[in-house]
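Working notes, structure below.
The numbers here are math on the coordinates, done by the rules we state, and not lab data. This one's a predicted model, so the numbers in the text were calculated from it and none came from an experiment. Cβ placement follows ideal geometry from the backbone for every residue including glycine, while neighbour counts extend to all protein chains displayed.
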Amino acid sequence: KDKILNIGKLIIDADYDVLLERNNAKLLPTTDYFYSNSYFSVVTETTCLAKGIFPGELTPPGRQLSEKTFKPIGLKHPFILVAPAHTLTLLKEIGYKTFSPWIDESYDNETDESARLLMIAKEIKRLSELSPSELTEFLNNVREICNYNYNMLLSKTSFATKLNY
């Protein structure tokens, strides 16, 4: 407990002052650096793990796409999505493309949360260890998908999609 409490300030994605402004959902110049100095994002959606009120009773979260997923799309950045099973499927259902075969997205079909998280970690490790030539190939191949998704986002006039009829 003491080690964790003494870690100090941990900042993810922005300076502390920016986080205090509660502009996390916006694309700000202060976050551009992180996207331009990385070659893929790991997006943890708002709901990604089951939650329960009573011990032993977990309710799986519903599929949801928030600003967290659309930030890398708006910056033409490939991503891995840490979210409930079939959330990438949802993204495709509303017209976006995902990054298979350049990113192994088989994790999206895994309903066991622990197994899904291990699959995601394995893919992050694989991508992080690409050789320079493999990285160049990866970036060249995902560029078309990133551009497509960016243009799809710009073409949207409604951001609420009725999924259950």
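Those helices (runs of 4 or more DSSP H) of region 60-165 in which at least 2 residues are small (Gly, Ala, Ser), at negative phi and surrounded by fewer than 12 Cβ atoms within 10 Å (Cβ to Cβ), considering only elements entirely within it, cover 113-128, 132-155.
A search for C-beta distances below 8 Å between a residue of region 89-118 that is closer than 15 Å to PHE40 by Cβ and any residue that is among the aromatic types (Phe, Trp, Tyr) and outside any helix (DSSP H, G or I), counting only pairs 6+ apart in sequence or on different chains, returns PHE99/PHE79; ILE103/PHE40; GLU105/PHE99.
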